[in-house]
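Okay, structure first, notes after.
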Amino acid sequence: MTHHRAVTASRLAVTGLAAAAALLVAPTIVDPSPAASAGSSAGTAVNRLVRRHHPAPSHFTQGRVDNPWFPLKPGTRFVYRGVDGPARVSDVMIATYRTKVVDGVTCRVVLDRGFRHGRLTERTLDWYAQTRTGTVWYFGENTSTFDRHGHVLSHAGSFTSGVDGAQAGIFMPAHPHPGPTYRQEFLRGQAEDEFTVLRHGAHVLTPLIASGAALVTKEFSPLEPGVVEHKYYVRDIGDVYDVSVRGETAHARLVSLTHLPRH
């Protein structure tokens with residue numbers, strides 16, 4: 001499991017939701033730049049998006065992320081539990097009080113720790129920033145995976161926008177609507193997660209909340225063509241329930257939401 005739990009087939013499940021994957025159609029990759037041409041092919045749009053930079057730093061808030069579909073109020077602690085194949089997994093994500101300047105933009109630092117059978121297997125620092133119009137961008141991550149003895153195995157998946165060709169991507173639009181596909185991140189061969197909004201008004205049930213107005217997204221990556229994940233977002237809470245609809249059986253759900261005071 002990682003930061004935004006992207007395409008690692010690691011959280012949340014609703015029985016029978018996998019059938020929804022069959023309803024999907026091939027999406028068009030969206031270039032978030034205003035200069036994007038409406039008549040471009042999907043492949044050209046991908047290439048153009050890779051070359052383009054995020055909006056100017058002045059277009060971003062100073063670390064505030066309050067998009068209602070992905071709010072990161074400092075001190076908020078999210079705990080998820082589920083399974084990944086035969087393993088019991090959990091994930092603890094904290095929107096810290098810290099900020100970090102990445103590629104000229106002040107980002108909110110999020111600490112994400114993944115556990116397998118109670119043992120820490122992954123620790124990630126993620127960097128998110130929001131434009132003044134409400135779109136959340138993802139500026140990178142510093143990831144470490146660990147063996148059963150606590151030794152670092154790898155930093156695979158890490159990237160920093162503006163370094164070695166890496167670029168930030170859109171994590172949550174200000175007004176998400178079905179159809180477009182967005183690139184969440186880009187470092188060729190290392191970080192190429194994408195997502196598309198499937199629908200509004202979905203039913204979702206977790207130990208903390210029942211809602212009939214959830215937002216459903218589909219996450220995938222050309223680096224893992226056999227893995228597809230659906231995520232369920234509830235307004236003013238964020239990600240509450242995920243399910244792997246292609247690849248190894250994996251699911252998890254939000255089981256705890258608390259607030260940690262500033263120390």
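Going through (1) within 12 Å of the chain's Cα centre (by Cα); (2) at negative phi; (3) not aliphatic (A, V, I, L, M) one by one, Gly238 falls short only on (2).
Out of Gly150, Gly82, Gly75, Gly134, I need the residue that is crowded, with 19+ Cβ neighbours inside 10 Å and out of contact with any helix residue (DSSP H, G or I) (no Cβ under 9 Å at 6 or more places or on another chain). Which one?
Gly82
Restricting attention to region 216-245, the residues being without any contact (Cβ under 8 Å) to a residue 60 or more places away in the chain and polar (S, T, N, Q) number 1. Against the criterion of being at pLDDT 95 or above and either crowded, with 20+ Cβ neighbours inside 10 Å or within 27 Å of Ser161 (Cβ to Cβ) (or both), Ala250 qualifies. When only residues in region 52-72 that are among the charged types (D, E, K, R) and within 18 Å of the chain's Cα centre (by Cα) count, which is surrounded by the fewest Cβ atoms within 10 Å (Cβ to Cβ)? Once the filter is applied, the top-ranked residue is Asp66. The set of residues from region 186-203 being of a type in the set (D, E, K, R), touching a residue at least 60 places away in the same chain (Cβ under 8 Å) and in a strand (DSSP E or B) comprises just one member, Glu194. Residues in region 145-177 that are over 17 Å from the mean Cα position of the chain (by Cα) and either assigned to a strand (DSSP E or B) or of a type in the set (Ser, Thr, Tyr) (or both): Thr145, Phe146, Val152, Leu153, Ser154.
The values are calculated or read from the model by the stated rules, or taken from the named source; none is laboratory data. Keep in mind that what you see is a predicted model, and the values were worked out from it rather than measured. As a convention, Cβ positions derive from the backbone with ideal geometry for all residues, glycine included, and neighbour counts pool all protein chains shown.
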